[in-house]
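Student: One structure, pasted below without further comment.
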Amino acid sequence: MSLTKADISGLFTAIVTPFGADNSVDFTVLKDLVKRQLKAGATGIVPIGGTGEYTALSRKERADIVAACVEAAGSAPVLPGILATGYHDALDAGHDFKAAGAAGVMLVTPYYAVGPQEGMRRYFNDYRGQIDLPILAYEIPRRTNASISAETYAKLADDGAIIGMKYSNYDMPEFIAVLREVGDKLAVLSGEEPLFAAHVGLGAVGGVLASATIYPEFWIKVFQLASSGDLKAALAMQNRIDPVLKAIYRETNPGPLKHFMSLAGMEMGGVRLPLTDPSDETTALLQTALAGFHDTEAA
């Protein structure tokens, strides 16, 4: 049965891709990571994407990762990210992921060659017409220099091209406009941890969060508080993890996040070039953040 807007709510964890000592994908650790997320209460899994180092993986590795996640996830939806710059590369990835058992895909806005809003609309419509999988649009303008307007989202919803979106954008007025235009038509997911509680309080139905890779239970609790109407308590809880967020996003994701996980006893390996291990200064901040967060949660 095809995934619909109604199936998209709660936490969808954007997981890291674990690498072994030889820098190859560690599929055993990967499957364990997926199972841990679902046991904690995550609704689904978003592998590969930016947190999963899409651009550093080969086409075969990406397909194999999706297949492994689908195997480990059982009946839970796996929605791999597609960060291809061009339409045909994105389509190849989508076909690969469908064959691997993905329930849908999270397709980033076309970037580098950034088109107008009508071009964006046609891109997603043409893609949906070529691949029989539900699509979440992925908007992250600080990385792509491209965003979709609330009005274009409304057209995409009416077209039936997408069932939802990951909104990784700090533009709160535009976020409110998106909810006004499509809040009842599309599943709007937050992609920003610092704004997660606020996004949910305003009407987002969940989130695609990278730091949930290590703390899924924490973010599920924040979601429950915010979605139940207790935004004050949700924000207070979210504030406790703020030093961790500042540390893990101080350099390009997922380098610091993977190192943080290693410090916490969850070895995920390093990152592939051009990313590198975090600097000494960032490492020190990660150590301080880890100790402080664990002390706070234990209190």
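The values are calculated or read from the model by the stated rules, or taken from the named source; none is laboratory data. Just so you know, these numbers come straight off a predicted model, no measurement behind them. Ideal geometry is used to build each Cβ from the backbone, glycine not excepted, and the neighbour counts take in all protein chains shown.
Student: Hey, among the residues in segment 140-159 that are under 24 Å from N253 (Cβ atoms) and in contact with a helix residue (DSSP H, G or I) (Cβ under 9 Å, 6 or more places away or on another chain), which one's surrounded by the most Cβ atoms within 10 Å (Cβ to Cβ)? Walk me through it before giving the result.
Tutor: Filtering segment 140-159 for residues under 24 Å from N253 (Cβ atoms) gives 140-148.
Right, trim to in contact with a helix residue (DSSP H, G or I) (Cβ under 9 Å, 6 or more places away or on another chain) and you get 146-148.
Details: A146: 17, S147: 19, I148: 24.
Applying the filter and picking the extreme gives I148.
Student: Could you list all residues from segment 213-247 that are over 27 Å from A177 (Cα atoms) and within 15 Å of the chain's Cα centre (by Cα)? First the steps, then the outcome.
Tutor: Just the residues of segment 213-247 that are over 27 Å from A177 (Cα atoms), to begin with: 213-218, 240-241, 243-244, 246-247.
Correct list: T213, I214, Y215, P216.
Student: Something else: G81 versus (1) farther than 26 Å from F196 by Cβ; (2) out of contact with any Asp or Glu (no Cβ under 9 Å at 6 or more places or on another chain): which is the lone unmet condition?
Tutor: (1)
Student: Of the conditions (1) free of Cβ contacts under 8 Å to residues at least 60 places away in the same chain; (2) farther than 23 Å from L275 by Cα, K60 fails just one. Which one is it?
Tutor: (2)
Student: Follow-up question, since we're still on this one. Counting only residues that are among the acidic types (D, E) and in contact (Cβ under 8 Å) with a residue 24 or more places away in the chain, which one in segment 204-250 is nearest to E139 (Cα to Cα)?
Tutor: Within segment 204-250, the first condition is being among the acidic types (D, E), and the residues that meet it are 217, 230, 242.
Narrowing further to those that are in contact (Cβ under 8 Å) with a residue 24 or more places away in the chain: 217, 242.
Working: E217: 25, D242: 23 Å.
If we take residues in segment 204-250 being among the acidic types (D, E) and in contact (Cβ under 8 Å) with a residue 24 or more places away in the chain, then D242 is nearest to E139 (Cα to Cα).
Student: OK, next. Considering only residues that are of a type in the set (A, V, I, L, M) and closer than 20 Å to A103 by Cβ, which ones fall in segment 17-56? So that I can check it myself, show each step before the final result.
Tutor: Residues of segment 17-56 of a type in the set (A, V, I, L, M): 21, 25, 29-30, 33-34, 38, 40, 42, 45-46, 48, 56.
Scanning segment 17-56 gives L30, L33, V34, L38, A40, A42, I45, V46, I48.
Student: Further question: Does I162 satisfy the criteria of being touching a residue at least 12 places away in the same chain (Cβ under 8 Å), buried (at least 17 other Cβ atoms within 10 Å of the Cβ), in contact with a helix residue (DSSP H, G or I) (Cβ under 6 Å, 6 or more places away or on another chain) and under 26 Å from L3 (Cα atoms)? Don't jump to the end; show me each part of the working.
Tutor: Numbers: touching a residue at least 12 places away in the same chain (Cβ under 8 Å): yes; buried (at least 17 other Cβ atoms within 10 Å of the Cβ): yes; in contact with a helix residue (DSSP H, G or I) (Cβ under 6 Å, 6 or more places away or on another chain): yes; under 26 Å from L3 (Cα atoms): yes.
Yes, satisfied.
Student: Say whether the condition of being over 16 Å from the mean Cα position of the chain (by Cα) and either of a type in the set (D, E) or outside the structural domain of L107 (by TED's automatic domain parsing) (or both) is met by at least one residue in segment 136-152.
Tutor: Filtering segment 136-152 down to residues over 16 Å from the mean Cα position of the chain (by Cα) leaves 145-152.
Applying the additional criterion that residues be either of a type in the set (D, E) or outside the structural domain of L107 (by TED's automatic domain parsing) (or both) yields 151.
Yes, that holds for at least one residue.
Student: Out of the residues in segment 165-175 that are outside any loop (DSSP other than H, G, I, E, B) and touching a helix residue (DSSP H, G or I) at 6+ places or on another chain (Cβ under 8 Å), state the one that is surrounded by the fewest Cβ atoms within 10 Å (Cβ to Cβ). Can you show your working first?
Tutor: The initial filter retains those residues of segment 165-175 that are outside any loop (DSSP other than H, G, I, E, B), namely 165-167, 172-175.
Applying the additional criterion that residues be touching a helix residue (DSSP H, G or I) at 6+ places or on another chain (Cβ under 8 Å) yields 165, 167, 172, 174-175.
Values: M165: 30, Y167: 28, M172: 12, E174: 17, F175: 22.
This residue is M172.
Student: Looking only at residues in segment 89-116 that are in contact (Cβ under 8 Å) with a residue 60 or more places away in the chain and part of a loop (DSSP other than H, G, I, E, B), which one is surrounded by the most Cβ atoms within 10 Å (Cβ to Cβ)?
Tutor: The first filter runs over segment 89-116 and keeps only residues in contact (Cβ under 8 Å) with a residue 60 or more places away in the chain, leaving 103-104, 106.
Right, trim to part of a loop (DSSP other than H, G, I, E, B) and you get 103-104.
Details: A103: 22, G104: 27.
Ranking the qualifying residues of segment 89-116, first place goes to G104.
Student: Moving on. Output yes when any residue across segment 181-190 is surrounded by 17 or more Cβ atoms within 10 Å (Cβ to Cβ) and in a helix (DSSP H, G or I), and no when none is.
Tutor: So far as segment 181-190 goes, yes, one or more of its residues are surrounded by 17 or more Cβ atoms within 10 Å (Cβ to Cβ) and in a helix (DSSP H, G or I).
Student: Within segment 117-131, track down each residue that is of a type outside the set (S, T, Y) and in contact (Cβ under 8 Å) with a residue 40 or more places away in the chain.
Tutor: R121, I131
Student: Now for a different question. Taking G86 as meeting all but one of (1) at pLDDT 95 or above; (2) over 23 Å from E193 (Cα atoms); (3) surrounded by fewer than 16 Cβ atoms within 10 Å (Cβ to Cβ), write down the number of the exception.
Tutor: (1)
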